[in-house]
Amino acid sequence: MMASDASGVILENKDEPPKIPDKKKTKFDVVIIGAGPAGYTAGIYCSRGGYDTLILSGILPGGQLVNTTEVENFPGFEKGIMGPDLMIEMRKQSQRMGTTIIDDEVVNVDFRRRPFKILTASEEYEGKAVIIATGANPRKLGLEGEQKFGGKGVSYCATCDGPFFRNQELVVVGGGDSAIEEATFLTKFATKVHLVHRRNELRASKVMQERAMNNEKIKFHWDSEVKDIKGDQKMQQAVLKNIKTGNEETLSVGGLFVAIGHEPNTKLFANQIELDDEGYVILKNKTHTNIEGIFAAGDVHDRNYRQAITAAGFGCMAAIDVDKYLTEHK
Ligand code: NAP
């Protein structure tokens, strides 16, 4: 059965399988670079709005949620949903709306000419508008145990995973606003939070520092680093080393939150799109970048919220801005 939405867009039969992408097609109205919540949501909105839309997803589609276990705070899933499953659902929803998704990595872009050019190793694509939704990756400590216990005690997002760690002792690594905010937030659930920072003063704002220092559940480990993360099925211990004295201490903890900053995935755009000194895309007006017709959505420009739902919201906003842009530039 066909249905039509309020704007007259014909929706597909909901029981039909999604369309198979035409891999020979290279010219699109909208090209979305990145396939996390922002990219897929932008795809859903652009395709549903009648635009011929391509998502170039990279080699590992799904963004940060692919490395997460259960997601309890994405609305619409009463009992929660596994991160990778949520991303598969978003992908299929976007495809059902008509988005072409190609799992290839963008190696270069040319935003100086119109239509804009987006290159993978094997193909050159064209888009009248582009949405950059390449996200950001949390910085890693670089420890073997960090990788081994990712999703099994080691986390990069307290808002996402904190509630899984009720009545346990936890470690937070870092000395910036994120680390202090996360440590403070985690005291809602944890019996004790060990804040491990490599220097003897925090980078975080004074107000947040004071709040954390007045919190009896937070213990500061100054001039210290995490040397090792140990466990069996899940992480059970964090080995700390004082950089000045060389003393080591082993903490029995249920989880470790790494909050040492993020790296936006913007190297590709460095010479063409205005980035701030940390590499985040600078938005000029709503989701517009400095180049008319190029938009950005999600963690690639947002250093504050970094949630799947906010990234999805930004994807929706970028798609609406693209619609206005393409309507005015027919
Ligand atoms: P950040 O400000 O860059 O701080 C990163 C922290 O991690 C620093 O204390 C740094 O130590 C430490 N660090 C970096 N690499 C490390 C490593 N390899 N091993 C151990 N420690 C390491 O990052 P952020 O805290 O994520 O904040 C990013 C931006 O978002 C900032 O502008 C911040 O103000 C903003 N933000 C604001 C809020 C808020 O206002 N509510 C909340 C979160 C974030 P050093 O200090 O020694 O360099």
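The values are calculated or read from the model by the stated rules, or taken from the named source; none is laboratory data. All figures in this text were calculated on a predicted structure; none of them were measured in a lab. Backbone-built Cβ (ideal geometry, glycine too); neighbour counts: all protein chains shown. The protein model used for the area step is the full one, side chains on, heavy atoms only, and it has no ligands, DNA or RNA in it. Shrake-Rupley method; radii C 1.70, N 1.55, O 1.52, S 1.80 Å.
General remarks:
- If R0 equals 35 Å, the separation of the Cβ atoms of ILE282 and ASP232 corresponds to a calculated FRET efficiency of about 0.15.
- Here, P(r) means the percent of Cα pairs in each 10 Å bin from 0 to the largest distance; for the stretch 175-330 it is 10, 28, 26, 20, 12, 4, 0.
- Values of log10 I(q)/I(0), in the order q = 0.14 Å⁻¹, for the stretch 63-135 under a Debye, Cα-only, solvent-free model: -0.61
- Out of every Cα-Cα pair that the stretch 21-107 contains, those further apart than 18 angstrom amount to 40 percent.
- Solvent-accessible area, 1.4 Å probe, carbon plus sulfur percent, for the stretch 92-219: 43 percent
- Charge dipole (debye, nearest 20) of the chain; +1 at Cβ of Lys and Arg, -1 at Cβ of Asp and Glu: 180 debye
- Report note on the peptides 35-48, 178-191: ranked by the mean count of other C-beta atoms within 10 Å, highest first, their order is 35-48, 178-191.
- Overall dimensions of the stretch 105-234 as given by Cα atoms, namely Rg and Dmax in Å: 20.2, 58
- Projected onto its three principal axes, the C-alpha set of the stretch 240-316 covers 55, 28, 17 Å, listed from the longest axis down.
- Percent of C-alpha pairs per 10 Å bin in the chain, short distances first: 6, 24, 29, 21, 14, 5, 1, 0.
- Within the stretch 249-330, the chymotrypsin sites (Phe, Trp or Tyr not before Pro) that combine a DSSP coil assignment with at most 15 other C-beta atoms in a 10 angstrom radius are TYR305.
- Solvent-accessible area per residue in the stretch 54-120 equals 52 Å², computed with a 1.4 angstrom probe and all protein chains kept.
- Over the stretch 140-258, accessible surface divided per residue gives 53 Å², non-protein components excluded, 1.4 Å probe.
- Cross-link pairs beyond the 21 Å C-alpha cut-off, checked among LYS92/LYS152; LYS140/LYS234; LYS286/LYS324; LYS140/LYS230; LYS140/LYS267; LYS25/LYS117: LYS92/LYS152
- Put MET208, MET97, MET87 in order of accessible area, highest first, and with a 1.4 Å probe you get MET97, MET208, MET87.
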